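To start, the structure itself, in structure tokens.
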Amino acid sequence: MGTHPIRAAVILGAAGALAASLGTASAAPSAQTVPRQQPPDPVLVDCAWQPEVRPEAFLIACGDGNSRLAALDWERWDAQAAVARGVNVVNDCDPYCAAGTFHEYDVIVRLDRPDTWEREPDLAHFTRMSLTYTDARPEGFPSTVDYPLWD
């Protein structure tokens with residue numbers, strides 16, 4: 001303890017008391033440190049009624065398969081909206097759908113209007129999909145198309 005044994009003993013004692021009190025205080029739970037559980041981000045409900053998050057592909061036309069999204073690259077997916085770039089693969093149904101040709105169109109996909117999913121009330125799902133064609137688009141389509149999504 002060197003030439004000042006009393007001063008050293010007082011410092012060591014104070015340090016020990018401080019450490020003990022901090023250990024007791026940090027062991028007690030605090031309302032500020034208890035994490036709140038955040039609800040999961042909304043899902044996209046597919047044709048088979050399965051919840052999806054950031055899917056690589058999505059079937060728009062469940063009945064006949066004549067419109068689908070592919071190569072989806074999600075830039076955003078949160079509680080308010082989801083945004084991806086991808087390709088809309090659409091059948092031109094010329095001369096009729098079974099004999100038609102599928103064409104690819106670059107799109108920006110936006111999902112929004114989250115709401116409670118009736119089938120799974122603990123989950124929210126997006127209720128609207130907007131496709132914005134960034135170059136060519138199917139004949140007769142506007143540059144942006146909105147689709148209501150099923151529940």
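The values are calculated or read from the model by the stated rules, or taken from the named source; none is laboratory data. Computed from a predicted structure; not experimentally measured. Quick reminder, even Gly has a Cβ in these numbers, built from the backbone with ideal geometry, and neighbours come from all protein chains shown.
Things worth noting here:
- Count of the range 47-64 residues, restricted to those that are touching a residue at least 12 places away in the same chain (Cβ under 8 Å) and either assigned to a loop (DSSP other than H, G, I, E, B) or of a type in the set (A, V, I, L, M) (or both), is 11.
- Restricting attention to the range 137-148 and to residues that are modelled with pLDDT of 95 or more and assigned to a loop (DSSP other than H, G, I, E, B), the residue that is surrounded by the most Cβ atoms within 10 Å (Cβ to Cβ) turns out to be Arg137.
- With respect to the stated conditions, Leu149 is in contact (Cβ under 8 Å) with a residue 60 or more places away in the chain and either among the small types (Gly, Ala, Ser) or touching a His at 6+ places or on another chain (Cβ under 9 Å) (or both).
- Filter pass, Ala31 being part of a helix (DSSP H, G or I) and either modelled with pLDDT under 95 or aromatic (Phe, Trp, Tyr) (or both): no
- Subset of the range 89-120 (residues that are basic (Lys, Arg) and either closer than 19 Å to Leu59 by Cα or over 21 Å from the mean Cα position of the chain (by Cα) (or both)): Arg110
- Within the range 65-80, the residues that satisfy the criterion of being in a loop (DSSP other than H, G, I, E, B) and either in contact (Cβ under 8 Å) with a residue 40 or more places away in the chain or of a type in the set (D, E, K, R) (or both) are Asp78, Ala79.
Residues are listed down the side, and each one gets a yes or a no for (1) buried (at least 16 other Cβ atoms within 10 Å of the Cβ); (2) out of contact with any strand residue (DSSP E or B) (no Cβ under 8 Å at 6 or more places or on another chain); (3) over 20 Å from Asp146 (Cβ atoms):
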| residue | (1), (2), (3) |
| --- | --- |
| Ile60 | yes, no, no |
| Ala84 | yes, no, no |
| Cys93 | no, yes, yes |
| Ile108 | no, no, no |
